[in-house]
1. Go through G183, G229 for me and flag whichever is assigned to a helix (DSSP H, G or I), on the phi < 0 side of the Ramachandran plot and surrounded by fewer than 19 Cβ atoms within 10 Å (Cβ to Cβ).
2. Of all residues in segment 303-331 being aliphatic (A, V, I, L, M) and at pLDDT 90 or above, which is farthest from L171 (Cα to Cα)?
3. Taking the residues in segment 51-78 that are assigned to a loop (DSSP other than H, G, I, E, B), under 25 Å from the mean Cα position of the chain (by Cα) and not acidic (D, E) as candidates, determine which candidate is surrounded by the fewest Cβ atoms within 10 Å (Cβ to Cβ).
4. Identify the single condition in (1) in the same structural domain as L318 (by TED's automatic domain parsing); (2) surrounded by fewer than 12 Cβ atoms within 10 Å (Cβ to Cβ); (3) at pLDDT below 90; (4) not hydrophobic (A, V, I, L, M, F, W, C) that Q220 does not satisfy, given that it satisfies every other one.
5. Between P83, P19, which is over 24 Å from the mean Cα position of the chain (by Cα), surrounded by 13 or more Cβ atoms within 10 Å (Cβ to Cβ), over 30 Å from R273 (Cβ atoms) and modelled with pLDDT under 90?
6. Could you say which residue among T290, T245 is outside any loop (DSSP other than H, G, I, E, B), of a type outside the set (G, A, S) and modelled with pLDDT of 95 or more?
7. Search segment 200-213 for residues that are assigned to a loop (DSSP other than H, G, I, E, B) and pair each with any residue that is surrounded by fewer than 17 Cβ atoms within 10 Å (Cβ to Cβ) and basic (K, R) when their beta-carbon atoms are under 8 Å apart and the residues are at least 6 apart or on different chains.
Amino acid sequence: MSYEDLLFSLPFPSAILDPEGKIVNANQKFEDLLKTSLKFLKGREISEVFRCKNLSGAVKRTYAENIEVHGLRCKDFSVYLSPLFDSAIKRGVLFVARPVETSPFEEDISLFLKGLSHEIKNPLSGIKGAAKLILKLGSCDEELLQVIISEVNRIEKLLKNILSSFDFSNLTVKRVNINRVVGETFSPFQHLCREEGIKYSLLFDPSLPEVPLDVDKFKQALFNVIKNGIEALKKSRRKEIKIETGYSIRPSDFVFVKISDTGCGMDEETLKRYGMPFFTTKEKGTGLGTFIAREIVKGHGGELLVESSPGKGTTVTLLIPMKRKSWQEFS
């Protein structure tokens, strides 16, 4: 199979560029996206037809340095660049544009505020009801006071999560052993797994290099993902969770942390809303944990991917660049 055949089998708008960033070939989806036939696209610079800051420089650097650019934001698309080889001969650069998954909260802040209002109203109703009962009784009831304290704590926790979830611009990054970080994050769950009869396995690649991480924030992201995986096993007959680390093949220059569980899994509709603030399938959840995890990974120049099937389980993959050589350099 030639690389032209592979180009036309790709599910996203894709093109082959020469070392200078000029279009050599493109698939039908690329033509449909630009509403222009390949005949008129050939020979034009990709930066002319797909306007994006520093795209031209990113293409030239991809070819010259044999690096991949992962998730360069171009309007409503995330662009991926990779050197293109044919029989060990470098032919040019592969350009792939994937639509960016957007949350309705990004388009309409009122939806976010409605969700926030809903989550705060729930504990406030409990506080109001308990306070009315105390007034009616004319004396303090310890149990009712405990309800008030508990519900106030819920509001404080919610607001604290919201404040932290929107500030990932200031990362304190240092090169660390990611296997050690993953091990330390999972450590508090080991006792719980033994109590709940959950079989767990940790498969770490010892050859991984140190990677740039904000350790505290990355642990926060990973903790949320692992916690969700364990909670998904509660009603499952087969209770297993596996955590792996290794080198990513596509994209290269990235390492992965993969968390797989044999829990209830998610249907297609639930999967689409995974990571959306305030969306949750849990009775007492806020839906902020997965959102925070995704934002933290994105702040590192990485990506959080999810695969799931109802009744079979879920796999969450955290992709982290081995070097600070991601889309952030070009945006």
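The values are calculated or read from the model by the stated rules, or taken from the named source; none is laboratory data. In this text, all values refer to a predicted model and were calculated from it rather than measured experimentally. All Cβ positions, even for glycine, are placed from backbone atoms using ideal geometry, and neighbour counts span all protein chains on display.
1. G183
2. Among residues in segment 303-331 that are aliphatic (A, V, I, L, M) and at pLDDT 90 or above, the one farthest from L171 (Cα to Cα) is V306.
3. Our first condition is that a residue be assigned to a loop (DSSP other than H, G, I, E, B); within segment 51-78, this holds for 51-54, 66-68, 75-76.
Then keep just the ones that are under 25 Å from the mean Cα position of the chain (by Cα); that gives 52-54, 67-68, 75-76.
Subsequent filtering for residues that are not acidic (D, E) retains 52-54, 67, 75.
Values: C52: 18, K53: 13, N54: 15, I67: 19, K75: 11.
So the residue we want is K75.
4. (2)
5. Unique residue meeting the criteria: P83.
6. Answer to the selection: T245.
7. E210/R175
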